[in-house]
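The values are calculated or read from the model by the stated rules, or taken from the named source; none is laboratory data. Nothing here was measured: the structure is a model prediction, and the numbers come from that model. All Cβ positions, even for glycine, are placed from backbone atoms using ideal geometry, and neighbour counts span all protein chains on display. Note: accessible area is taken over every heavy atom of the protein model, side chains too, but ligands, DNA and RNA are not part of it. Shrake-Rupley method; radii C 1.70, N 1.55, O 1.52, S 1.80 Å.
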Amino acid sequence: MGGLANEILVVEHDGDMSSLIVSSLNREGLRAVPAFSGEEALTFLQKEKPSLITMELNLPDMNGTDLIRRIRLKSQVPVLVITANGGIDDKLAAFSAGADDYLIKPFDTRELTARTAAILRRTSPRTQELPVTGTGDRRISLPELEINLENYQVLFAGRPADLSPREIELLYFLASHPNQVFSREQLLDQIWGREYAGDYRTIDTHIRKIRKKITGGPGWSIQTVWGVGYKFEMDEAG
């Protein structure tokens, strides 16, 4: 069987931590699947091809770095280590084994989702540079709005806007195609991937959250096109 787009295997033996990671990723429209041991993870990988693996190093049946090495014998799936082991030797061992990124517990779930989005953006087969109006460095600058997809930061009216990574990607995509109408299906395909099996209302939910934080500015706004979808409307002088 082939894995769904943006399916993530969460290898974590602690039930509470596993639930935290899985729920945080699922809220971003991803499909996170838990595995509670190294052997369970390897069994999963015999049947599925996830887009990313998050992994605790201190597993009950094997060392996490050994598990990464075993995975690397057959797959180049990106691995994000999530562990309390913060020593430089642990980090170097993990990277040497084949890890792609390293997050130390305790962590802010916003950093988890941002790092996850960055890895998926770099490694997804569908990844491509989105066209940006006015710049060539994945940033959009408008009156009272700055969107920077390099570091996943948004400024609205001069202040940081607390948007999730998915909300930032959706806002960026719409703003980079001013006055172009996109259906919910098109937006799901572009931001979540063509194999995403979620409900189209996911788009409505994310747009609603964006509008609560980004209310519009001089010459621009996020508009609903009834019966079709959404567009980022800009005045000709905007």
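When Gly29 is evaluated against the numbered criteria (1) in contact with a Phe, Trp or Tyr (Cβ under 6 Å, 6 or more places away or on another chain); (2) in a helix (DSSP H, G or I); (3) of a type in the set (Gly, Ala, Ser), which criterion, by number, is the only one it fails?
Failed condition: (2).
So for the stretch 74-95 (the condition being of a type in the set (Phe, Trp, Tyr) and either touching a His at 6+ places or on another chain (Cβ under 8 Å) or within 27 Å of Leu163 (Cβ to Cβ) (or both)), does at least one residue qualify?
no
Would you mention how many residues in the stretch 68-106 are within 19 Å of His13 (Cα to Cα) and among the polar types (S, T, N, Q)?
2
Evaluate the stretch 118-129: report whether one residue or more is among the small types (Gly, Ala, Ser), at pLDDT below 90, more than 27 Å from Ser19 (Cα to Cα) and in a loop (DSSP other than H, G, I, E, B).
Checked the stretch 118-129: no residue is among the small types (Gly, Ala, Ser), at pLDDT below 90, more than 27 Å from Ser19 (Cα to Cα) and in a loop (DSSP other than H, G, I, E, B).
Kindly evaluate Leu9 against the criterion of being outside any loop (DSSP other than H, G, I, E, B), open to solvent by 50 Å² or more (accessible area, probe 1.4 Å) and under 20 Å from Pro165 (Cα atoms).
no
If you take the residues in the stretch 199-237 that are surrounded by 14 or more Cβ atoms within 10 Å (Cβ to Cβ) and among the aromatic types (Phe, Trp, Tyr), which one is nearest to Leu25 (Cα to Cα)?
Tyr230
Could you check Phe95 against (1) over 23 Å from Thr113 (Cβ atoms); (2) open to solvent by 70 Å² or more (accessible area, probe 1.4 Å); (3) of a type outside the set (Val, Ile, Thr) and say which number it fails?
Status for Phe95: all satisfied but (1).
Consider Val22 carefully, then state whether it is open to solvent by less than 30 Å² (accessible area, probe 1.4 Å), out of contact with any helix residue (DSSP H, G or I) (no Cβ under 7 Å at 6 or more places or on another chain), modelled with pLDDT of 90 or more and not in a loop (DSSP other than H, G, I, E, B).
Against the criterion (open to solvent by less than 30 Å² (accessible area, probe 1.4 Å), out of contact with any helix residue (DSSP H, G or I) (no Cβ under 7 Å at 6 or more places or on another chain), modelled with pLDDT of 90 or more and not in a loop (DSSP other than H, G, I, E, B)), Val22 qualifies.
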